[in-house]
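The numbers here are math on the coordinates, done by the rules we state, and not lab data. Source: prediction; values computed, not measured. Methodologically, a virtual Cβ is constructed for each residue, glycine included, from the backbone with ideal geometry; neighbour enumeration extends over all protein chains shown.
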Amino acid sequence: MIERYVRPWLEAQGFHLSILWDPTDAQRFLMGLGFTLGLAIASVLLSLVIGVLGAALKSSPWRPARQAVTAYVELFRNTPLLAQLYFFYFGLGSLLPMVEDADGHAVRMIGNFQWAVMVLGLHSGAFQIEALRGSIDAVPRSTIEAAQALGLHGRKLFRHLILPLALRNSLPALGNSLAQAVKSTSVAYAIAVPELLYACNRIWTDNFNVAEMMQVLLLTYFILLGACAWLMSRIEARYRLPGYHNR
Amino acid sequence: MSQPLQIQLEDVHKSYGDQAILQGISLSVRRSEIACLIGPSGSGKSTLLRTLNALTPVDSGRIEVCGIRVDAPQLDVPGLRRHVGMIFQSYNLFPHLSVLDNITLAPIQVLGQSRQEAEAYAVELLAKVSLEHKQGAFPGQLSGGQQQRVAIARSLAMCPEVMMFDEVTAALDPETVKEVLNTIRDVAASGMTCLIVTHEMRFAREIADTVYFTDGGRIVEQGEPELIFSRPSDPRTQRFLERVL
Amino acid sequence: MSPLTLLSQRIRPQASASRFWGRAVLLLAVSVGLLAVAWAYRDIIGLLLNWTPALARGFALNILMGVVAMLAATLLGTLLGCLQVSLHRRLRQAAVLLTQLLRNAPWLVVVFLVMNLLPFEFKALDRWWQIPDWLKASLGLGLAGSGYVSEIVRGGIRSIPVAQWEAAASLALPRRKSLRLVILPQALRSMVPPWMSLYCAVTMATSLANLMGVEELMTTLQLRLTGEPRPDLLLPAYLYVFVAFFIYIYPISRYSRYLERKWSLNS
């Protein structure tokens with residue numbers, strides 16, 4: 001139906017949107033969307049875990065632990081994401097043995113999608129640690145001292161008091177990270193992960209409709225990021241402490 | 001005393017949402033007249049001043065300043081503001097410019113004066129407020145009273161026809177209040193039309209030609225200072241004066 | 001004291017002499033270890049040192065691209081930022097919309113967009129001018145970064161108290177002159193740290209030009225690597241890239257954080 005009515009009208013305007021009627025292109029596009037979402041969600045989860053662990057280690061009494069975290073954060077924040085991706089995929093990846101897949105072909109042990117998730121997670125995690133540290137610092141000292149006076153120490157103190165309050169403080173920064181994660185997934189193009197940019201690239205190379213696919217691509221990202229923003233505002237509303245955030 | 005009318009307000013109304021600030025203000029000020037506005041906080045005195053140089057638009061009423069209809073929709077706002085100078089309670093000097101640059105900025109940029117002209121006049125004005133040695137200082141290095149005097153010089157540099165003072169001594173220490181009041185006295189004595197909102201009752205009594213008492217967005221009573229201060233007719237005026245004097 | 005310091009407090013004996021010797025031994029061990037590694041990999045290190053002049057030229061292109069991109073971003077972004085506080089409703093809405101669009105597009109996509117849509121040569125003043133690839137990539141990054149500059153400028157302008165606008169207005173300064181002569185000079189200081197952070201991000205993003213075939217650091221490195229099919233060269237080679245960027249970016253990043261701390265304490 002779309003083929004019969006929409007296509008001629010669009011083409012009369014000069015729009016060649018093959019993803020609407022060509023099943024191959026449509027499939028490529030949807031797969032790209034799926035990979036982008038998968039990369040974004042997986043890397044955000046990983047970065048959250050790293051963020052919490054890193055923030056916890058930063059408050060450890062053991063100085064080497066704190067220094068190790070600082071080194072990791074500075075390293076990943078002050079080098080390009082693409083360089084990190086290449087380092088892990090080509091550099092470390094070449095040191096790993098090849099394994100056999102189902103068809104008996106030799107493939108890398110860790111595939112490009114897995115590497116992309118790991119590197120994106122590590123990269124984003126460095127920023128998360130900073131953001132979480134800032135939110136931990138925002139927890140009032142007096143509240144912590146009160147908890148310590150009640151006998152809460154160390155890991156229990158962190159888990160039951162500091163972490164919940166800090167996570168609430170960090171929701172805006174987390175929202176930012178989520179948006180940043182969605183945008184960063186495009187860099188996985190470099191190692192041939194078939195995410196949105198890669199898919200659209202293939203589509204416009206085949207169909208010569210660069211301008212249209214660019215618009216579709218940008219529009220898709222805006223919608224994705226808009227959905228993230230909406231999601232974050234729902235989460236913030238849900239976890240808002242009554243009266244606490246009234247400034 | 002039959003100078004032409006320089007400021008005329010007729011039945012001016014202004015509300016913010018459902019908060020009515022000005023509820024039918026009518027007053028007129030002649031050239032070289034000194035008018036003082038007194039009254040409790042929130043009675044609309046500051047808002048009244050701000051309507052005269054179009055910082056605050058009015059909802060209804062007629063306002064004419066120096067022959068310019070301020071309530072007209074096609075008002076040339078910068079043109080109006082060349083005739084009216086305003087001094088704020090919080091001085092509002094430009095912190096990134098020296099005292100001299102603060103004073104010469106507007107004459108150079110708006111009146112098109114040359115730097116030499118503007119600086120010469122600025123130094124003259126600074127001498128009048130006894131701050132000529134502070135030309136190169138920055139606002140952060142001055143006391144509150146000094147900053148306020150620089151603010152007055154800054155407005156005078158534009159050669160306005162009307163000067164408005166919005167509670168200019170309210171944020172100052174008692175010692176420095178005096179030096180600023182003296183400056184205002186000098187400005188008034190030079191024949192400038194002045195509209196002064198103040199809590200300094202003694203000063204108002206001494207300097208004003210006409211005193212206006214406002215309350216709840218209306219002018220309750222007006223007249224010569226002797227009349228208002230010693231024999232106020234309206235009970236609200238009496239209550240206010242009892243509280244502050 | 002931050003909560004972190006409270007948590008990491010514990011009673012520690014002040015044995016300074018033994019700590020000094022412990023540290024000295026550790027330092028010695030680490031140095032010996034590094035020298036051993038360097039000796040073992042001396043051929044790789046030699047190779048990388050050999051390539052360094054070419055790699056340095058590539059990195060210089062990265063830095064050039066970063067500067068050009070930041071220049072473009074600052075010019076466009078400052079204009080957009082000022083328009084975002086304009087009193088003209090249409091202008092303001094357009095500026096806000098454009099800023100949001102630019103901030104929500106992945107940088108790689110914007111670079112792709114600009115690279116594909118800009119012609120590689122154009123006619124002006126009676127002759128054909130070439131736009132080299134690296135310039136196109138820089139302009140793409142500049143476009144991407146301008147959204148961020150716009151927000152920085154808008155934030156800076158809005159951080160200036162309304163009283164300053166009113167004082168300038170009372171002196172009959174029109175709005176545009178007030179913005180230029182009174183507001184922006186004061187806002188400039190608070191804008192510097194985020195601007196420097198953006199410069200770091202943009203400089204690192206110039207590595208994306210590698211995907212466009214621009215001969216910057218990583219492309220140069222990859223070209224050399226294809227001539228040397230040694231798998232154990234890959235790790236040190238990409239480590240080299242890390243080190244190059246880190247040496248350039250880290251000091252700038254540290255300095256901008258120092259400035260931010262210093263100025264927030266002052267005000």
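How shielded is B:86-92 by partner chains, expressed as the average number of their Cβ atoms within 10 Å of its Cβ atoms?
Per residue, the average neighbour count from other chains is 4.
State which helices in chain A qualify, where a helix is a whole DSSP H run, it must extend 18 Å or more along its own axis by its Cα atoms, and its mean Kyte-Doolittle hydropathy must be at least 0.0.
Counting only whole DSSP H runs, the qualifying helices are A:23-58, A:112-137, A:171-184, A:210-239.
So, counting K/R as plus one and D/E as minus one, what does the shell of residues with Cβ under 13 Å around C:L143 add up to?
The answer is +2.
Per DSSP helix of 4 or more residues, -39500 (n - 2.57); summed, then divided by the residues of chain B. What does that give at 222 nm, rounded to the nearest 500?
So the helix-based figure for chain B works out to -11000 deg cm²/dmol.
Among the aspartates and glutamates, select those whose C-alpha is under 16 Å from the C-alpha of A:K58, and discard any that sit fewer than 8 residues away in the same chain.
The reachable aspartates and glutamates, counting only those whose Cα sits under 16 Å from A:K58, are A:E74, A:E130, A:D137.
Expressed as cubic angstrom per residue, what is the convex hull volume of the alpha carbon set of the stretch B:93-159?
It comes to 70 Å³ per residue, whole-number rounded.
Pairing the Cα long axis of helix C:184-205 with the longest principal axis of chain C, what angle in degrees results, from 0 to 90 and rounded to the nearest 10?
Orientation of helix C:184-205: about 40 degrees from the principal axis.
Using modelled amide H (1.01 Å from N, peptide plane; none on Pro or chain starts), what sits under 5 Å from the amide H of B:G24, excluding residues fewer than 5 places away?
Amide H neighbours of B:G24: B:V12, B:H13, B:K14.
To the nearest 0.05, how large is the calculated FRET efficiency for A:Q13 and A:L241 if R₀ is 51 Å and r is the Cβ-Cβ distance?
Efficiency, rounded to the nearest 0.05: 0.50.
Dimensions of the stretch A:2-239 along principal axes (Cα, Å, largest first)?
74, 47, 32
How compact is the stretch C:40-124 by the rule of thumb for globular proteins, expressed as Cα Rg over 2.2 N^0.38 Å?
That ratio works out to 1.71.
Mind listing the long-range amide H neighbours of B:T193? Cut-off is under 5 Å, sequence gap 5 or more, other chains count too, H placed in the peptide plane at 1.01 Å from N.
B:S32, B:M163
Assuming 1.306 mPa s and 10 °C, estimate D for chain B with Stokes-Einstein, Rh taken as the Kirkwood radius over Cα pairs, in µm²/s.
Answer from the Stokes-Einstein relation: 85 µm²/s.
List the residues whose amide H sits under 5 Å from the amide H of B:H199, counting only those 5 or more places along or on another chain, with H placed 1.01 Å from N in the peptide plane.
none
Given C-alpha coordinates of the protein assembly as shown, what is the ratio Rg to Rh with the Kirkwood estimate of Rh?
Rg/Rh: 1.07.
Is it possible to state the helix-based mean residue ellipticity at 222 nm for chain C, with each DSSP H run of 4+ residues giving -39500 (n - 2.57), the sum divided by total residues, to the nearest 500 deg cm²/dmol? What is it?
Here the helix-only value at 222 nm equals -26000 deg cm²/dmol.
For peptide A:87-93, compute the average count of partner chain beta-carbon atoms within 10 Å of each residue's beta-carbon.
What the average comes to for A:87-93 is 5.
Have a look at B:I184, B:I7, C:M70 and report the one farthest towards the positive end of the charge dipole of the protein assembly as shown, computed about the Cα centre with Cβ charges (Lys/Arg +1, Asp/Glu -1).
C:M70
Apply the Karplus parameterisation 6.51 cos²θ - 1.76 cosθ + 1.60, with θ equal to phi minus 60°, to every residue of the stretch C:43-52 and state each ³J(HN,Hα) to the nearest whole Hz, in sequence, with x for glycine and proline.
6, 5, 4, x, 4, 5, 5, 4, 6, 3
Could you pull out which residues in the stretch A:144-186 have an amide N less than 16 Å from a spot 7 Å beyond the Cα of A:A227, following the Cα-Cβ vector?
Once the point is set 7 Å along Cα→Cβ of A:A227, A:178-186 turn out to lie under 16 Å by backbone N, inside the stretch A:144-186.
Taking the alpha-carbon set of the stretch B:46-113, what are its Rg and Dmax in Å?
Spelled out, the Cα radius of gyration and Dmax of the stretch B:46-113 are 13.9, 40 Å.
For the pairs B:K134/C:K262; A:K183/C:K262; B:K134/C:K177; A:K183/C:K136; B:K134/B:K178, note any where the Cα-Cα span goes beyond 30 Å. Before the final figure, lay out the partial values.
Working: B:K134/C:K262 28 Å; A:K183/C:K262 32 Å; B:K134/C:K177 26 Å; A:K183/C:K136 21 Å; B:K134/B:K178 19 Å.
Table pairs above 30 Å Cα-Cα are A:K183/C:K262.
Take every residue in peptide C:241-253, count the Cβ atoms of other chains within 10 Å of its Cβ, and give the average of those counts.
4
How far is helix C:89-103 tilted off the main Cα axis of chain C, in degrees rounded to 10, range 0 to 90?
On a 0 to 90 degree scale, this one is about 10.
What three numbers, in Å, describe the spread of the alpha carbons of the stretch C:51-266 along their principal axes, ordered from the longest?
The Cα atoms of the stretch C:51-266 stretch 72, 51, 29 Å along their principal axes.
If I fit a long axis through the Cα atoms of helix C:231-266 and take the longest principal axis of the Cα atoms of chain C, what angle between them do I get, 0 to 90°, rounded to 10?
Helix C:231-266 sits roughly 50 degrees off the main axis of chain C.
Listed highest first by mean packing, meaning other Cβ atoms within 10 Å per residue, what order do B:182-191, B:203-212 come in?
Result, highest mean first: B:203-212, B:182-191.
Per-residue counts of other Cβ atoms within 10 Å, averaged by peptide: what ranking do you get for B:236-242, B:165-171, C:140-146, C:178-184, highest first?
Result, highest mean first: C:140-146, B:165-171, C:178-184, B:236-242.
Which whole-number value in Å³ per residue fits the convex hull of the alpha carbons of the stretch C:129-196?
104
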